[in-house]
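Down below is the structure, laid out as structure tokens.
Each reported figure results from applying straightforward, stated rules to the coordinates on display, with no laboratory input. None of the values given here were measured: they were computed from a predicted structure. Cβ placement follows ideal geometry from the backbone for every residue including glycine, while neighbour counts extend to all protein chains displayed.
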Amino acid sequence: MHPLVRRQLRKAFPDGDGYWLRRPDKAFGAAHVVENVRRAIVEVRKTYSDVHTLAIGDLSAEHGGQLGRHASHQSGLDVDIGFYFTHKPDGYPESFVGANGDLDLEATWALIEAFANTANQSGGVQVIFLDHDVQARLYRWAKSDGISADKLQTILQYPRSADSQAGLVRHWPSHTDHIHVRFKAQ
């Protein structure tokens, strides 16, 4: 077993606690990753008690190593997470759904912010991957909600170019239906 892959997300907190594991056999992660995911979901649900169940995609296989079509997700430090929607789309959370007109910008921002708040901690978030156009929607909402320019600049790559190496959240192709959160090793 890879030394970082120790804990299955389901054993950390059971289904029904605000999330749905799309593939439980690929839901193993480092203990601090599992705990940070749990904490972020709990934090969002405290503020937005009416949000629907959140889709959790792949973390890692139980023993680490190559995981399907993923270039990462080998060591238990990466997790794919769906979005919150104002109206839960058909087939969600069993499948990821693109950031359509029902994307709950407020709750999704709260989730990203909960992860971003760990960035300066040991084992906290290293980077989050999200499509640049989805970042633009979140940026416009956050700016109109009074989120400070400094916070926006720290968290989002947008409005800088998709090639910019600034912001905790960075553009990555094929991330229009989920965020990819990478944590630092502990």
| message | In whole Hz and in residue order, list the ³J(HN,Hα) couplings for segment 159-173 that follow from phi through the Karplus curve 6.51 cos²θ - 1.76 cosθ + 1.60, θ = phi - 60°; x for Gly and Pro. | response | x, 5, 5, 5, 8, 5, 9, 10, x, 6, 8, 10, 5, 8, x
| said: Which lysines, if any, have their Cα less than 29 Å from the Cα of K88, not counting same-chain residues under 8 positions apart? | reply: K11, K26, K46, K143, K151
| remark: Extension length gain for D17 and A31 (0.36 nm per residue less Cα distance), in nm, is 3.3 nm
| Protection-proxy order for peptides 75-82, 147-154, each taking the mean of Cβ atoms within 10 Å per residue, highest first | 75-82, 147-154
| message | Starting from the 7 Å offset along Cα-to-Cβ, what nm value, one decimal, do you get for the label separation of S174 and L152? | response | 3.1
| task | Starting from the amide H of D58, placed 1.01 Å from N in the peptide plane, find each other amide H under 5 Å away whose residue is 5 or more places distant or on another chain. | result | D80
| message | Need one number: nm distance between label points at D145 and R182, each 7 Å from Cα along Cα→Cβ, rounded to one decimal. | response | 2.6
| query | Which GluC sites (Glu not before Pro) does segment 86-186 hold that lie in a coil by DSSP with at most 13 other beta carbons within 10 Å? | reply | E94
| Under the Karplus relation 6.51 cos²θ - 1.76 cosθ + 1.60, θ = phi - 60°, what is the ordered set of whole-Hz ³J(HN,Hα) values for segment 141-149, x standing for Gly and Pro? | 5, 4, 5, 5, 8, x, 5, 5, 4
| task | List every residue whose amide H lies under 5 Å from the amide H of L156, counting only residues 5 or more places away in sequence or on a different chain, with H placed 1.01 Å from N in the peptide plane. | result | L168, V169
| remark: Taking placed amide H atoms and a strict 5 Å upper bound, the residues 5 or more places from Y48 or on another chain that come that close are none
